[in-house]
Amino acid sequence: MKRLLTVLLTAFIPLTIMGQVFKSDTYSTPLGEITVTPIGHGSLMIAFDGKVIHIDPYGSVADYAKLPKADLILITHEHSDHFDPEAIALIRKPDTEIISTRLVAERMPGVRVVSNGETTDWDGIRIEAVPAYNIQRMRSPGVPYHPKGDGNGYVLNFGDFRLYVAGDTELIPEMKELGKIDVAFLPKMLPYTMSDDEFLEAARVVHPKALYPYHFLKADRPRLREELPGIEIR
C-alpha cells in the first residue's frame, strides 16, 4: 500500500475555496498532474494544466458561484441532481464546452452530444462515454430508474492514466470491458444505483488503484478496506 501511495497519490490537499472546504487528491499522469476534488453527491471537479473540468455540478452540495469557472462540463444524465442548469450557469464561461447526452442537449442549448460507446478528445484528453443504467431497479414495472442508453459514465484518459466516473448505474456487464482503471468513482445508493454488496462486486470488477464511493448516504469504510484488498479507498 505504501508503494501505491508513492506511485499514484502525490499529495493530499485540504482545499479551501471562498470558505468552502474540500478534500483533494493530486495524481501524476503522463500528461501532468491532475487534482481531483469530490464536491459532494455526484459532483466532482478536476484541475489539469490550468484548466478546470466540472462533472455533474449540483447547487445543493456547494455554492458554485464561489467555485472556479469551468473549461469543460460533463453531465452524466438529465436527472436534476446531476443536471442543474442554475449551477451550470454559475460556472459557465462563453467558451465553456459542455458534453452530455441527447436528453440533456434537448434541455440546454450548446451541449455537444456524446453517446454510449462514442469517444471524443478535449485538450489532449480522450473522453469515452460508457453505459450507465439499471438492470434490476424500476421506477415502475418495466421502467428502470435509469434506462439503458439514456445516461453516460465517462472514462477520462490522461495518456494511459484512466479515471472512471460511473454516473448513476448498477453493476452492469460493460464494466468488465473498461480495461485498466487507475481511479474510479462508483455510486452506492438504493434504490437508484447499487447496494453495498453490488458496490463491492463492481469494485472488484473495475479494480481501480484508488476508489471513491460517491452518490452515497453512508459508507462502511472498514468493510470496504477489508473486502477490497489492493484498492486504496479514498
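Name the residue farthest towards the positive end of the dipole of the chain from the options 154, 35, 100, assuming +1 on Cβ of Lys and Arg, -1 on Cβ of Asp and Glu, about the Cα centre.
35
Using the Cβ atoms and a cut-off under 11 Å, what net charge is assigned to the surroundings of residue 195, where Lys and Arg are +1 and Asp and Glu are -1? Intermediate values should be presented prior to the final figure.
Details: positive: 137, 188; negative: 170, 196, 197, 198, 201.
That sum, taken over residues with Cβ under 11 Å, equals -3.
Treating the beta-carbon of each Lys and Arg as +1 and of each Asp and Glu as -1, no other charges, what is the dipole magnitude of the chain about its Cα centre, to the nearest 20 debye?
The dipole of the chain has a size of about 420 debye.
Quick one: work out the % antiparallel among DSSP beta bridges in the chain, nearest 5. Could you put the intermediate results ahead of the total?
Values: 42 of 63 bridges.
The antiparallel fraction comes to roughly 65 percent.
Using θ = phi - 60° and the Karplus curve 6.51 cos²θ - 1.76 cosθ + 1.60, what whole-Hz ³J(HN,Hα) does each residue of segment 209-215 get, with Gly and Pro shown as x?
Residue by residue, segment 209-215 yields 6, 10, 10, 10, x, 9, 6 Hz.
For residue 122, list long-range residues whose amide hydrogen, built 1.01 Å from N in the peptide plane, is under 5 Å from its own amide hydrogen.
Under 5 Å from the amide H of residue 122 lie the amide H atoms of 127, each far enough along the sequence or on another chain.
Can you compute the charge dipole magnitude of segment 70-124 about its Cα centre, using +1 on each Lys and Arg Cβ and -1 on each Asp and Glu Cβ, nothing else charged? Give it in debye, rounded to the nearest 20. If you can, show how the numbers build up before the last one.
Details: 5 positive and 11 negative charges, 30 e Å.
Roughly 140 debye, rounded to the nearest 20.
By how many nm would the segment from residue 86 to residue 225 grow when fully extended, if each residue of separation counts as 0.36 nm and the alpha-carbon distance is taken off? Could you put the intermediate results ahead of the total?
Working: separation 139, 0.36 × 139 = 50.04 nm, distance 3.72 nm.
The span from residue 86 to residue 225 would gain 46.3 nm if fully extended.
Once you charge only the Cβ atoms, +1 for Lys and Arg and -1 for Asp and Glu, what is the size of the charge dipole of segment 76-184 about its Cα centre, to the nearest 20 debye? Please report the intermediate quantities before stating the final value.
Numbers: 12 positive and 18 negative charges, 43 e Å.
The calculated dipole for segment 76-184 is roughly 200 debye.
Could you grab the relative contact order for segment 154-234? Cα pairs under 8 Å, six or more apart, rounded to a whole percent.
After rounding, I find 26 percent.
How would segment 103-234 be classified by its alpha-carbon gyration tensor: rounded, prolate or oblate, with rounded meaning a/c under 1.5 and the a/b versus b/c comparison settling the rest? Intermediate values should be presented prior to the final figure.
On the way: a/c = 2.07, a/b = 1.15, b/c = 1.80.
Judged from the Cα gyration tensor, segment 103-234 comes out oblate (a/c at least 1.5, b/c at or above a/b).
In the structure shown, do any of 69/176; 66/176; 51/176; 66/148; 148/176 have a Cα-Cα gap over 27 Å, and if so which? Before the final figure, lay out each step's value.
Working: 69/176 35 Å; 66/176 38 Å; 51/176 31 Å; 66/148 35 Å; 148/176 16 Å.
Over 27 Å Cα-Cα: 69/176; 66/176; 51/176; 66/148.
Specify whether the C-alpha gyration tensor of the chain places it in the rounded, prolate or oblate class, a ≥ b ≥ c being the square roots of the eigenvalues: rounded for a/c under 1.5, otherwise prolate if a/b is larger than b/c and oblate if not. Walk me through the numbers before you get to the answer.
Numbers: a/c = 1.38, a/b = 1.02, b/c = 1.34.
It is rounded, given that a/c, with a ≥ b ≥ c, falls under 1.5.
Through the Karplus equation 6.51 cos²θ - 1.76 cosθ + 1.60, θ set to phi - 60°, convert the phi angles of segment 146-154 into ³J(HN,Hα) values in whole Hz; use x for Gly and Pro.
Values, residue by residue: 10, x, 4, x, 7, x, 10, x, 9 Hz.
Values quoted throughout were computed directly from the atomic coordinates according to the rules given, and no laboratory measurement underlies them. These numbers come from a predicted model, not from an experiment. Neighbour counts run over all protein chains shown; Cβ positions are idealised from the backbone, glycine included.
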